[in-house]
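In what follows, a single structure is set out as structure tokens and then discussed.
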């Protein structure tokens, strides 16, 4: 056995077998369809880029997780670890060929050499959508509307999009005299759900003092609805200001579009990253709060400042496909199936192969996905194949049927059979669902 | 300017801007639809694998082109350079979870550090489909039928699938006493189209002598149709044999399925690779012979012998997406477009944003992809945006229209305007194409 190489994949990497891959494609097709109804257009970028582009001139903390190496030309290259950095480079490089506002989506693999012990994968698919070149309530709201329509396209109705505004939070911190600790405070508050109030209070106290800790925790509490919470945080931020006004506009759009019941103003949402400057949001499934946010994002001031002096504000979100697939499975909403084939043409007579392929052509012309079992094998083997691929119907055409000028069609679930003079008569039943 | 990183991609790598990416997705969607009507199912495998898996224990000639490096765990890893080797590993690893015959397709990126001077890319998409676990005429023919349906799905009618059988060729070489040079001869004949007859004759003579060179060139000439060519090569191969019979069966299936006029028996087709053992084929477009084969493949005996002792014969083909896209463009059949948006809701009145989003929701509910221009900017800027994305209609709703209870709809190509009381009345015109 020594000359056989053991077939295996790298730790943290996965094969997708047909059932899982079909489900994944079904999911991304539904999402793409939503993106397109809003005028988002797809782009793609290389998997491999200059390390300098992906990591900046210094490198940095992400560095350890990045697959980085020297290529044949001794270039310092790396596999992309997200879709945001390549998008920034893309916008800077193609500024002259693009228009603003630019609305793009990008669904592609990324790679991170992360610790796999926490169930993380080293290769996974990201799904990002962004509006770049507009800093206004309409684009902020559009992101929320796309999330809402995406959830519904996946059959999930019971979701909440929790929104906050980093600007209002910072105004509050300024009026509380805690401006200098703002970056730390935002990061600590981001842990509220996971770490709990007491732990967060302790960390806040350590970072900014007991009094500030209590005021911050008070600020992060929701009131009974969006307008009341907005009134409260606006007051805490020192009164009317453009950021609160922005939240109000977004809420008016949500009301007009009939999704205000899905939109929650939650001042505890901060999204840890320094990156965000305006609205931030997370999406939770009411039936599965423990799974965390399935779609998160926010507004940023400068997408591509590493690569261009052009001002490119934007807003966008990333859908966590793996998490969402797990959620759909837990909710019994997953679309896992073994194939699309409606009819298996059983191979029951030698010499009939051309007839079978003629029949297959007629079925496909009628829009019915079908297969010819390639060899005249034992019937049990052919039935097992049909069952394995969940094929609902079998067609039997041998010397006997041929002599009588009929096709025998069997419903493979009920085992009922029926004869038809030709494909034309059978097509409606085969496509429809019952024989 | 020194703190700006120059935005650029690696040589041989490409960004796909929206028009190109939409076209590419349209192409792969059409192909996938065809694969599915035959019961092929999708799989996916990791981009990164153990180098040993991809290159075998020794490495080999491909080695120089492979992106290979040591990962964080000091593993010897490489980016996949084709989809065949990972598929072989996949079949060996998942034998217990799969069924046979297994019909899969796989559309994914691969990487090769090739010389880019010949217009080659270092990152490109492959599209493979294979039937594994059946060695019979039905699966050979199925591959041909899938190619034919794929071409038609792309709007290409005038194609030819040129087929040959390596077994018949080898029988002929045996009967000509040139068996020992068979591998060289197959590789030399493969160059016929590019190098021309004289060059090939010289190389054949050097490899196997003048007499053999002439006999081989004679063998490779087509007769007037498939049956006559089959009769000629069968005779040259020493008379009736199972490989010729297989070609005959494939032709009968093509006749029954109505595609025999697209199938050419061409004994000059050898596909250089040692890998193939049975039928081999190439697909040419009659209008663009210079572009070469857009879909090639053949039958192999042992898919996964590096990784398993299980016998896995198969047949399959690879569609050259880049070449096909170039061909479709040359034929004026490409589907390049700037977006899917049917309607741009112009932003013409402050305070109307919620109304615009309400309108957008109504349009989407009617199945009409639409966009809200996010800010109340100059009309010329909004028109330019619509033009850039080839949006056919604009809706104008300001204080005047609102007072009269109408929507003004403008056909952005003809500049004609028409008013409607609501989206419901306008929907048919907006979806249909004329205002």
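The values are calculated or read from the model by the stated rules, or taken from the named source; none is laboratory data. All values reported here derive from a predicted model rather than from experimental measurement. As a convention, Cβ positions derive from the backbone with ideal geometry for all residues, glycine included, and neighbour counts pool all protein chains shown.
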- Item | Residue under evaluation residue A:340, criteria (1) within 8 Å of another protein chain (Cβ to nearest Cβ); (2) at pLDDT 95 or above; (3) in contact with a helix residue (DSSP H, G or I) (Cβ under 8 Å, 6 or more places away or on another chain), criterion not met | (2)
- Note on the structure: Those residues of segment A:392-409 that are in contact with a helix residue (DSSP H, G or I) (Cβ under 8 Å, 6 or more places away or on another chain) and closer than 16 Å to residue B:37 by Cβ come to a total of 2
- Check off (1) surrounded by fewer than 19 Cβ atoms within 10 Å (Cβ to Cβ); (2) assigned by TED's automatic domain parsing to the domain that holds residue B:190 for residue B:312 and give me the number that stays unchecked. (1)
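Being within 18 Å of the chain's Cα centre (by Cα), farther than 22 Å from residue A:231 by Cβ and surrounded by fewer than 20 Cβ atoms within 10 Å (Cβ to Cβ) narrows it down to one of A:292, A:272, so name that one.
Matching residue, one of A:292, A:272: A:292.
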- Task: Just need a number here: residues in segment B:143-155 that are over 21 Å from residue B:273 (Cα atoms) and in contact with a strand residue (DSSP E or B) (Cβ under 6 Å, 6 or more places away or on another chain).
- Result: 1
- Task: Kindly indicate which of B:364, B:262, B:337 is closer than 23 Å to residue A:43 by Cβ and within 29 Å of the chain's Cα centre (by Cα).
- Result: B:337
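Whether any residue in segment A:109-123 is under 27 Å from residue A:311 (Cα atoms) and not in a loop (DSSP other than H, G, I, E, B) is what I want to check.
Yes, some residue in segment A:109-123 is under 27 Å from residue A:311 (Cα atoms) and not in a loop (DSSP other than H, G, I, E, B).
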- Item | Single unsatisfied condition, residue A:130 versus (1) at pLDDT below 95; (2) closer than 18 Å to residue A:275 by Cα; (3) under 31 Å from the mean Cα position of the chain (by Cα) | (1)
- Task: Restrict the check to segment B:315-334 and report whether at least one residue is under 30 Å from residue B:103 (Cα atoms), touching a strand residue (DSSP E or B) at 6+ places or on another chain (Cβ under 9 Å), within 12 Å of chain A (Cβ to nearest Cβ) and buried (at least 19 other Cβ atoms within 10 Å of the Cβ).
- Result: yes
- Considering only segment A:52-62, state which residues are part of a helix (DSSP H, G or I), more than 8 Å from chain B (Cβ to nearest Cβ) and either touching a helix residue (DSSP H, G or I) at 6+ places or on another chain (Cβ under 9 Å) or at pLDDT 95 or above (or both). A:54, A:55, A:62
- Residue that is farthest from residue B:97 (Cα to Cα), among those in segment A:1-50 that are in a strand (DSSP E or B), within 19 Å of the chain's Cα centre (by Cα) and in contact (Cβ under 8 Å) with a residue 40 or more places away in the chain: A:41
- Task: Among residues belonging to segment B:246-269 that are out of contact with any strand residue (DSSP E or B) (no Cβ under 7 Å at 6 or more places or on another chain) and away from every other protein chain (no Cβ under 12 Å), point out the one that is farthest from residue B:229 (Cα to Cα).
- Result: B:261
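Okay, residues lined up against (1) more than 7 Å from chain B (Cβ to nearest Cβ); (2) at negative phi; (3) surrounded by fewer than 21 Cβ atoms within 10 Å (Cβ to Cβ):
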{"residue": "A:5", "(1), (2), (3)": "no, yes, yes"}
{"residue": "A:8", "(1), (2), (3)": "no, yes, yes"}
{"residue": "A:19", "(1), (2), (3)": "yes, yes, yes"}
{"residue": "A:34", "(1), (2), (3)": "yes, yes, no"}
{"residue": "A:43", "(1), (2), (3)": "no, yes, no"}
{"residue": "A:64", "(1), (2), (3)": "yes, yes, yes"}
{"residue": "A:70", "(1), (2), (3)": "yes, yes, yes"}
- Query: Taking residue B:88, is it part of a strand (DSSP E or B), at the interface with another protein chain (Cβ under 10 Å from one of its Cβ atoms) and either under 21 Å from residue B:307 (Cβ atoms) or modelled with pLDDT under 95 (or both)?
  - Reply: no
- Scan (1) out of contact with any helix residue (DSSP H, G or I) (no Cβ under 7 Å at 6 or more places or on another chain); (2) more than 8 Å from chain A (Cβ to nearest Cβ) for the single condition residue B:81 breaks and write down its number. (1)
- Note on the structure: Per the filter on segment A:377-402, residues within 9 Å of chain B (Cβ to nearest Cβ) and either closer than 22 Å to residue B:143 by Cβ or in contact (Cβ under 8 Å) with a residue 24 or more places away in the chain (or both) are A:385, A:388, A:389, A:391
- Query: Only one of (1) closer than 25 Å to residue B:99 by Cβ; (2) assigned to a loop (DSSP other than H, G, I, E, B) fails for residue A:409. Which number is that?
  - Reply: (2)
